[in-house]
Each structure stands twice: as structure tokens, then as C-alpha cells.
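Asker: My questions will all concern the structure given below.
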Amino acid sequence: MDKAITKAKENAQRLRDEARRRKLDFMDVRLESGHSLSVLLQDRKLQRLAHSEDVGGGVRVLYRGAWGFACVDSLDYADLILGLDNAAKMARESARSPGKTRGGRGEVVLAKYTAIEDSIRVRCKQDPDRVPLEEKVSKLRLFEREAISQGRGKLANTIISYGESKGWRVVCNTYGALIDSQGLGVSVACNVTAKRGILRQNGYVVKRGRCGFELVRNIKPKDFSRRAAQEAVELLTAVPPPAGKFTVVMNPAVTGLFIHEALGHNAEADAVVGGESILAGKIGERIASPGVSVVDDSTIPGAVGSFIYDAEGVPGEKRQIIKNGVLVGYMHSLETAGKLGVTPNGSARAQSYDCRPIVRMSNTYMKPGKTKLKKLLAGVEDGILLTGEKWGYVMVEGGDFTCCAGGGRRIHKGELKERLRDVAVSGSTLDTLQTIDCISDDFSTDMGGNCGKDGQSALVTGGGPYVRVKELVVGGRR
């Protein structure tokens, strides 16, 4: 691997020198090589075993304020030169018709930053490449047996999946950046369905991290597959939520889902400069209750949304979005930082070498407050506690969001009552942020998964404390 990385770095530097010789305004290249394995066990049968390898390079050129991008499925210098030629041709053609090719946003101006040369090596306790496939499948079968046992004959479907990926990337640009980094990730998920008559309910638990197979070996079934099965079975006896406006308490996972969907996408600066964000022009304004502080942090060790350098070679960092209710910053790429005249903060990510870098979240969370959960609940006369997180959606331009929690509990005079199922809440992002009236001292970042944007997927995490909102619309039956 080290020889391949060394050769890739040499080719990347040669390409950079050629771009400088051609007097292009800017050029960057990402060279990547990696492999992955996925295993799917469903209803006691091994349904899928897939191994894939991917290698190639993406070349991006800026010429007279217009971008060109090309990719090649090779790391050979001759092929990379072809990529540079094609990217340069695209940039020159785009420069002739800016209104059509740049979305009417004007010429691209990149922010400057101090370029870095660095090498990042991955370390783990148990390299998944050295773990026999038989052990991986055996672990999945163990998790499935534990789920079935916990399900007490009420499970209609069990799916246990495992995934691993390993590889390296070289980032080089005409600013002088030259960074090679290795990457590693492991995940395992349990998704079960319980049934009672025509009613179906799901339980889902996932464990993932930028680590080795030690993540799987350290999992206790009671905290994983048995927990998923228990959740699904208990939801069979839960009742649908009432419909209307209620005081809502979000658990840490739903807080993370809300912050990611409703706030995070609006704080991605490409949405801001494109006129698609409700946060445009609001830096320095109070947009939330005084106790609300939100951070996007790509420096958390082991978190799947973490990275040391982004896809443009800019160091990742802890980015403050909201501080004590005041909007203080956005997430930026070189382009958006240049457009708004600020310092780039390492938020450009690309799914792979054949995708252009775009502004993305990493690990986004709300900071905890000082109130104990029991006291927070005591202030609720009639409300709903959200106890899970499934999915969310936001209309960025309008600022309206929906979060599906799946499960919940009715709150009456500060006491938790009956379990609820199929719970969803919706509201306005800014109204919700401003009507948060209590934040607990609990904190976790259990929310995580793949976030989609512009046809690309990125691993992210999120979370926070328990959060009480004065009023949200709850979907359910009357």
C-alpha cells in the first residue's frame, strides 16, 4: 500500500506542476484506491456477500471563474493528463457562457488558505482484512439468534448486515497542498420486524465507527440485536399518537435528527450563496433560544463523520454554528468561503473520486444544558416524548421540516404514560429553535447514517441532549 501511495503522490505532483505550467487559475486532484465488503443475513439465510474494489482520480480545474471536472478510472499519469485536458476544456467552455453553466451565481472566487503537506495513517486493534469471513458470518448468526430469542415468536423478519471499507486518498492542489490519508470503517446493523395481525412494527439498531473489527467483537447482544427485537415487540402494543399541537420532548437521537435536517442543511454555505437557505444574511442574529448552541465537529475520534482533512485538503475543525442562540457561522468549502469573504473551515466532502466536492455536515450536535431530565419532564402538563429516530426531511428554502421518530411516550403532568407508535412531528425550523424552553444535561450522539445531497452520500453523526419544545404539530389519529 505504501508503494502505491508514494507513486500516486508523485503523479499528483507532476499533474500539479503541469497545471501551473498551463497557468490555470486553480487545479486539484484526488486519487483514491479502496475496497469494501458487505454481508447480509436475512431470516437465517446468507442472502448477499459482496466484495468491491474501486480506483481512480478526479481532476478539477478553475479557469476565468468557471469550473471543469473530469474523472478517470486509473492512477496512471497518462490517464490523469487526459483528465486534466478534459477538465480544462470544460472550464474554458463554461467560462464562455457563465449564466448557463454556473447557475447564475457569478464567477467563482476561491478563498486562500495555508496549504499543508501531511500523511495520515490509520490504526486499529483488529484489521478487518485479517479477520476470517467465517468469523464475520458467525457473529451475524449469533446476533440473529439473540434477536429471535428476544422476539418471543413475534418476529416476521430479521435482517443483520455487516459492512467494512478500507482504502487511501491523495489530495493535491496548486495552492501547495499534498495530503495522503488512509481510511477504515466498520458497521453492523440489525433491522427486525414484529407482527400482530396486520400490524407491523420495526426495531433498528446500528453500530458503526472509523475503527477495525474490534467494534463487532465488543458488541453485547443485549445492547444490539436483542434491543432491536425488544423495541419492535413493544411497539406492537403501543397506541397511535394523538393529532394536534403539543409540547414535545425530543430524545438525544431525535434532537440530532432535527439539528441535522432542519438546521444543518440550511447552514451549509452552498445553500446560503445559492439563495436556498433560510439562514442567509442572518449571521449575528438571534435565531434560537439563548440556551441553544450547535456545533459541527469533524475532529471527534472514531466518529463516522470525522476526518482530519476534507476533500479539498483543508483541515477539518470544530465549527460553531449557533452560540447561545446567535447564528455565528456556516460550513464552508473554498468556493463558498471565497464568495462570502471568510476563512474556509474544511467542510467540502465528496463521496468518491468521481464526485466533485460539495459542502457537507460531519458530526452535528446541540450542546447539553444544565437541567435534569426529571425536572424537564416535570414542566410538561400534556405532551409527548419522542423515543426513537427514523428519518427526517427539510424544505431548505421554506424552512419547514418533518421528523419521524417511530416511537414515543405520552406525558401527563410530568409523568410518562402509555407508549406511542408511528409518531411524527413537523414545524418551522426557526419557530422551533426559538420555542425551545428547556435543555437537559444529558448528551449522546446516537443518531447517524448516510446523508444524501446532490446525488452524493456521506456518513454523518448527530445528537445532543433532551430538548423541550413548547409546541409542535404531531401527526397521528384523532
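The values are calculated or read from the model by the stated rules, or taken from the named source; none is laboratory data. Computed from a prediction, not measured in an experiment: that's the story for all the values here. Cβ atoms come from the backbone with ideal geometry, glycine included; neighbour counts cover every protein chain shown.
Asker: Please count how many residues of region 287-306 are over 17 Å from G463 (Cα atoms) and without any contact (Cβ under 8 Å) to a residue 60 or more places away in the chain.
Answerer: 1
Asker: From the set of residues in region 118-139 that are hydrophobic (A, V, I, L, M, F, W, C) and in contact with a helix residue (DSSP H, G or I) (Cβ under 9 Å, 6 or more places away or on another chain), which is farthest from E18 (Cα to Cα)?
Answerer: Taking region 118-139 as the starting set, the residues that turn out to be hydrophobic (A, V, I, L, M, F, W, C) are 120, 122, 124, 131, 133, 137.
Next, from what is left, pick out any that are in contact with a helix residue (DSSP H, G or I) (Cβ under 9 Å, 6 or more places away or on another chain): 124, 131.
Values: C124: 38, V131: 43 Å.
The extreme case among them is V131.
Asker: Going through region 353-375 one residue at a time, which ones are closer than 21 Å to L75 by Cβ and over 15 Å from the mean Cα position of the chain (by Cα)?
Answerer: Selection gives Y353, D354, C355, R356.
Asker: Given the options V469, V425, name the one that is touching a Ser or Thr at 6+ places or on another chain (Cβ under 7 Å), assigned by TED's automatic domain parsing to the domain that holds L263 and crowded, with 18+ Cβ neighbours inside 10 Å. Write out each step before concluding.
Answerer: Details: V425 fails: touching a Ser or Thr at 6+ places or on another chain (Cβ under 7 Å).
Within the list V469, V425, the selection yields V469.
Asker: For the structure I just gave you, tell me whether Q456 is under 30 Å from D28 (Cα atoms) and crowded, with 19+ Cβ neighbours inside 10 Å.
Answerer: Numbers: under 30 Å from D28 (Cα atoms): yes; crowded, with 19+ Cβ neighbours inside 10 Å: no.
No.
Asker: So for region 97-112 (the condition being among the basic types (K, R) and either at pLDDT 95 or above or not assigned by TED's automatic domain parsing to the domain that holds K9 (or both)), does at least one residue qualify? Don't jump to the end; show me each part of the working.
Answerer: Start the filter on region 97-112 by keeping residues that are among the basic types (K, R), which leaves 100, 102, 105, 112.
Narrowing the set further to residues that are either at pLDDT 95 or above or not assigned by TED's automatic domain parsing to the domain that holds K9 (or both) leaves none.
No, the conditions are met nowhere in region 97-112.
Asker: For region 114-126, give me the residue count where each residue is charged (D, E, K, R) and either over 24 Å from the mean Cα position of the chain (by Cα) or not in a loop (DSSP other than H, G, I, E, B) (or both).
Answerer: Within region 114-126, the subset charged (D, E, K, R) is 117-118, 121, 123, 125.
Next, from what is left, pick out any that are either over 24 Å from the mean Cα position of the chain (by Cα) or not in a loop (DSSP other than H, G, I, E, B) (or both): 117-118, 125.
The total comes to 3.
Asker: Right, here's the next one. In region 134-150, is there at least one residue being without any contact (Cβ under 8 Å) to a residue 40 or more places away in the chain and polar (S, T, N, Q)?
Answerer: Scanning region 134-150, I find at least one residue that is without any contact (Cβ under 8 Å) to a residue 40 or more places away in the chain and polar (S, T, N, Q), so the answer is yes.
Asker: Across region 257-291, what is the number of residues that are touching a Cys at 6+ places or on another chain (Cβ under 9 Å) and acidic (D, E)?
Answerer: 1
Asker: If you check every pair at least six apart or on different chains, which have Cβ atoms under 7 Å apart with a residue in region 234-260 that is within 23 Å of G463 (Cβ to Cβ) first and a residue that is in a loop (DSSP other than H, G, I, E, B) and aromatic (F, W, Y) second?
Answerer: V249/Y466; M250/Y466; N251/Y466; P252/F443; P252/Y466
Asker: Give the residue, chosen from L15, L24, that is surrounded by 14 or more Cβ atoms within 10 Å (Cβ to Cβ), assigned to a loop (DSSP other than H, G, I, E, B) and in the same structural domain as A115 (by TED's automatic domain parsing). Full working, then the answer.
Answerer: Working: L15 fails: assigned to a loop (DSSP other than H, G, I, E, B).
From the options L15, L24, the qualifying one is L24.
Asker: On to the next question. Can you tell me which of (1) closer than 27 Å to D442 by Cβ; (2) of a type outside the set (G, A, S); (3) modelled with pLDDT of 95 or more; (4) not in a helix (DSSP H, G or I) is the one K282 doesn't meet?
Answerer: Of (1) closer than 27 Å to D442 by Cβ; (2) of a type outside the set (G, A, S); (3) modelled with pLDDT of 95 or more; (4) not in a helix (DSSP H, G or I), only one is false for K282: (1).
Here is a yes/no grid of residues against (1) surrounded by 19 or more Cβ atoms within 10 Å (Cβ to Cβ); (2) of a type in the set (V, I, T); (3) closer than 26 Å to V29 by Cα:
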site: G106; (1), (2), (3): no, no, yes
site: L110; (1), (2), (3): yes, no, yes
site: K139; (1), (2), (3): yes, no, no
site: G153; (1), (2), (3): no, no, no
site: G183; (1), (2), (3): no, no, yes
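Asker: Tell me the strands (runs of 3 or more DSSP E) entirely within region 381-432 that contain at least 2 residues that are at pLDDT 95 or above. Step through it out loud before you land on a result.
Answerer: Numbers: elements: 382-386, 391-395, 400-412, 415-428.
The strands (runs of 3 or more DSSP E) meeting that bar are 382-386, 400-412, 415-428.
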